[in-house]
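The values are calculated or read from the model by the stated rules, or taken from the named source; none is laboratory data. Just so it is clear, the structure is predicted and the values come from calculations on it, not from any experiment. Glycine gets a Cβ as well: all are built from the backbone with ideal geometry, and neighbour counts include every protein chain shown. Ligands, DNA and RNA are stripped out before the accessible areas are found, and what is left, the full protein with its side chains, is counted by its heavy atoms. Shrake-Rupley method; radii C 1.70, N 1.55, O 1.52, S 1.80 Å.
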Amino acid sequence: LGHRQALPFGPKLSRQSIGASIDPLALAAKMDAVSRWMIKPGSGWTKLSSREVAAFSEAVRDGKIVNGKIHLSTGMADTYLEMPPRQDAEVVDECDADTPDAWIKRHKDMVRLTGRHPFNSEPPLKSLQQAGWITPPSLHVVRNHGAVPKLDWETHKLQVSGVPGGDVEISMDDLVSGRYGPVVSLPVTFICAGNRRKEQNMTKKTIGFNWGCAAVGNSVWTGVRLCNVLAALGVTKVSKQHRHVHFAGPEGELPAGKNGEYGTSIDMGWALDEEREALLAFKQNGEWLTPDHGAPLRTLLPGVIGGRMIKWLSKMKVADAPSESHYHFFDNRVLPPHVDAELANQEGWWYKPEYIINHININSAMFEPQHNSFFRTNWPGAAKTMKVCGYAYVGGGLKIIRAEISLDGGKSWEITDLMRPEDPIAEARGTDKHWCWSHWETEIDAARLNGCSEICCRAVDSNQNMQPMFLTWNVMGMMNNCLFRIKVHQLEDGTGVWFEHPTQPGNQSGGWMTEDAGKFEAATATECAPGRTGLPPNRPTAAVWDNDAVVGVGSAKKGAADAKKDLPAAAGKLVTSTEEWVKNGITMEEVEKHNHEDSAWVVVKDRVYDCTPYLKDHPGGASSIMITAGLEATDDFEAVHSKRAWDMLEDYYIGALRKGNTRTQAAVSEFAAGDTFLKPREFQKMPLVEKIIVNHDTRIFRFALPRPDMKLGLPTGQHIFLKAKYEGKFVMRPYSPMTDDKTLGHVDFIIKVYFKNVHPKFPEGGKMSQHLESMKIG
């Protein structure tokens, strides 16, 4: 205290007054009063608030690694986090040798997404998984808009403006010293808003490059809380003058904007909220920041997209309005799906504040099974279960509460084992805020893979948000978080299955959403890991979602009652029925009698419909209905009809299918000897024997008939229905062959293939034509 002079504030203490006769409680009170005063930079001696006193008395956690662990900032209990081994590069990658970044050493395995320069990169998904819950800086996602600035710790200063005491320059040594607040260390997951963007680009090209699903990393970050720095500079509450905090990197760093700096801003209320843990960070995993991650100083905003964080932080400004930086407006926004780049510029969509994105949304993806991996199901000594695992994350301080997988396209879901190492850390911090990702794992019965076409996953957070079923395109390709789907294919030798992710990052080939869909690369394939225990979890499915109906699984009696309750109480308005049929149902034996144009009935989802009044109005002609008249027609109806057709169907309802004495339709019989192949109202299989490429999108498909002397037997002017299962659903389309009955032994179809991502109005392309294109000979 400098005992030679009295302090110009508060209690007067001197060497004499601190003697043996003083009352200890009185001394404690006087010392507490003194502790509430400090020298604030640019302000002289200033009295602190209770919050400021608590902040500056917090224990320093400087990120130093001791015995392989970092001591975290958790006030209620000491917690430590083990750090993974460093995997730093020892030499400059040859890709950087003649670029402005030739001085930076980078991990050779990082996947470059924008060519050699600038460096935008994510780790291989396998490397991200193997690194574990904490990601080494060398394998951490990197987003650089240009060359990395060469900044020096000794000379770098943060230029601060707009604060009460006037402009201030803060050196790195000052920041680390604790003068602007205690140094703290926290684990936080960093996520690029473009994570999984390549899936969007495969739907329709966005204005962004191809991030895969590894644009995420989790680290321990060390720095000083932004709220403490602002308090030390005299900003402790929100006001009209102190409404926003701006951040910017070095001037001239980038080509766009007024002065070529990357900038953004956040609300002051957010900046001052200690529980949101915004940091001015200078360490990652116990080491000084590397150049690619913002050395020597960056902002770190937990739960927020990476684009709101500024690397190589050079300026901080307190202002009454948001940042006007080019990148604050023209980056990190999710615009409505109808808005493309041209419309966004014409109508000013970039400047609409409601479309700015800050907090990351809920997401998940699968580490395993890996892309182009295989699993033996029909093999001596084959494993009984297969491992399935992945990650999940969410922003805003929420936590992931469960992760689930589905083997039936999202109709039913099975919970996985969730690993959330952050729980004891949050508990020791005395908060419900969670800033880190979770990992999850389960194992599935190998026998289920033989009939499975897809494995998908989703996550659920503590606010009950969950991932949507389907992708929604946006012009920047950001925040893509639909279900992550892995396709399951049978191996050609019949010994098992192989797996295909939706995409691969950057320009890497492969993925069921790409032009290389369905290509198994045996030379580079890896074998899937077996389950940890060999015993699949015993978790019965509670319910199955089936289009517009939910079918209970737990109680057959309850399910039957609910089904009966949902049945219409009367016949449809365009047909007539009987009281007996409506009340007690119709037998399949009765349905089979109505297979002619005078009375054409069909069964769809256990309900009987009289289609006779609609024969003359059907867009595909009466023959489209007659092919299933008197039969169970659910698959055929689902294959070709829209929601409007499903709604119309109810007008033709005459009763439920009676279950008591239902006759089961026999399987399609083998072809009996004769000279004609086609049989009315029966589907038969034809093998593909030849595919002739006419041009880039037109093919002649030749299918063999059972005998070389057999004719097709199709009357002139009529067509054939082809039916197949595509992406787990039946598809049926009419085609007219190019051959007639003079051609024996085979039938030819000339068909235009409507590929995905060719016509902007039909990004999914044609289902049947793409299925035919994917068929193998035989």
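Quick check on my link table: of K64/K433; K105/K317; K593/K711, which ones sit more than 27 Å apart, alpha carbon to alpha carbon? Walk me through the numbers before you get to the answer.
Values: K64/K433 24 Å; K105/K317 33 Å; K593/K711 30 Å.
Table pairs above 27 Å Cα-Cα are K105/K317; K593/K711.
At a 1.4 Å probe radius, carbon and sulfur cover how many percent of the accessible area of the chain? Show your work: numbers first, answer last.
On the way: 19730 of 37370 Å².
C and S fraction of accessible area: 53 percent.
Output the relative contact order of region 687-743, whole-number percent, from Cα pairs under 8 angstrom with separation of 6+ residues. Before the final figure, lay out each step's value.
Working: 59 pairs, mean separation 13.9, N = 57.
Reported as a whole number, the value is 24 percent.
What number comes out for accessible area per residue over region 359-471 if the probe is 1.4 Å? Units Å², please. If you can, show how the numbers build up before the last one.
Numbers: 4050 Å² over 113 residues.
Ligands and nucleic acids excluded, the figure is 36 Å² per residue.
Report the one residue of L535, F677, G381 whose Cα lies farthest in the direction of the positive end of the charge dipole of the chain (charges on C-beta: Lys and Arg +1, Asp and Glu -1; origin at the Cα centre).
Farthest towards the positive end: L535.
Report the net charge of residues surrounding P137, where surrounding means a beta-carbon distance below 9 angstrom and charges are Lys +1, Arg +1, Asp -1, Glu -1. Before the final figure, lay out each step's value.
Working: positive: R86; negative: D88, E287, D292.
After counting each charged neighbour, the total is -2.
Between beta-carbons, use under 15 Å as the cut-off and find the net charge around E500, counting Lys and Arg +1, Asp and Glu -1.
Numbers: positive: K198, R485, K487, K519, K756; negative: E199, E368, E454, E492, E515, D516, E521, E727.
Summing Lys and Arg as +1 and Asp and Glu as -1 gives -3.
Residues in region 381-397 near a label at D417, defined as backbone nitrogen under 16 Å from the 7 Å Cα→Cβ point?
Those under the cut-off are 384-391.
Can you give the net charge of the other residues whose Cβ lies under 11 Å from the Cβ of V216, counting K and R as +1 and D and E as -1?
Numbers: positive: R196; negative: E122.
Taking every other residue near V216 into account, the sum is 0.
R0 = 60 Å: FRET efficiency of D98 with K605, Cβ-based, nearest 0.05?
Efficiency computed from Cβ-Cβ geometry: 0.40.
Taking the Cα centre of region 358-441 as origin and charging only Cβ (+1 Lys, Arg; -1 Asp, Glu), how large is the dipole, in debye to the nearest 20? Before the final figure, lay out the partial values.
Values: 9 positive and 10 negative charges, 28 e Å.
Here the size comes out at about 140 debye.
Need one word for region 670-744: rounded, prolate or oblate. Basis is the Cα gyration tensor (sqrt eigenvalues a ≥ b ≥ c); a/c below 1.5 gives rounded, then a/b vs b/c decides. Mind showing how you got there, number by number?
Working: a/c = 1.61, a/b = 1.22, b/c = 1.32.
It comes out oblate by the Cα gyration axes.
Taking the Cα centre of the chain as the origin, how large is its charge dipole in debye, to the nearest 20, when only Lys and Arg (+1) and Asp and Glu (-1) carry charge on their Cβ atoms? Mind dumping the intermediate values first?
Values: 90 positive and 94 negative charges, 281 e Å.
The dipole magnitude comes to about 1340 debye.
Suppose R0 equals 30 Å. What FRET efficiency, 1/(1 + (r/R0)^6) with r the Cβ-Cβ distance, do L574 and E727 give to the nearest 0.05? Write out the running numbers ahead of the final one.
Numbers: r = 33 Å, r/R0 = 1.11.
With a Förster radius of 30 Å, E is 0.35.
Taking every pair of distinct Cα atoms and averaging 1/r, then inverting, what Kirkwood hydrodynamic radius in Å comes out for region 95-201?
17.2 Å
Using modelled amide H (1.01 Å from N, peptide plane; none on Pro or chain starts), what sits under 5 Å from the amide H of K157, excluding residues fewer than 5 places away?
HN-HN under 5 Å from K157: empty list.
Return a whole-number percent for the relative contact order of region 267-399, with Cα pairs under 8 Å and 6 or more residues apart as the contact set. Intermediate results must be reported in sequence, preceding the final value.
Working: 141 pairs, mean separation 27.4, N = 133.
Value for region 267-399: 21 percent.
I'm a student and want to see the number: the projected area of the Cα convex hull of the chain, averaged over all directions, in nm². Intermediate values should be presented prior to the final figure.
On the way: hull surface 181.4 nm².
Value for the chain: 45.3 nm².
With a cut-off of 8 Å between alpha carbons and a minimum separation of six or more residues, what is the relative contact order of the chain in percent? All intermediate terms of the calculation are to be shown ahead of the outcome.
On the way: 1667 pairs, mean separation 69.7, N = 778.
The value is 9 percent.
Please go through the residue pairs K126/K198; K643/K761; K240/K399 and name each one whose alpha carbons sit more than 23 Å apart in this structure.
K240/K399
Please enumerate, by chain and number, the aspartates and glutamates with C-alpha under 14 Å from the C-alpha of K352, excluding those fewer than 8 residues away in the same chain.
Qualifying aspartates and glutamates at Cα under 14 Å: E324, D331.
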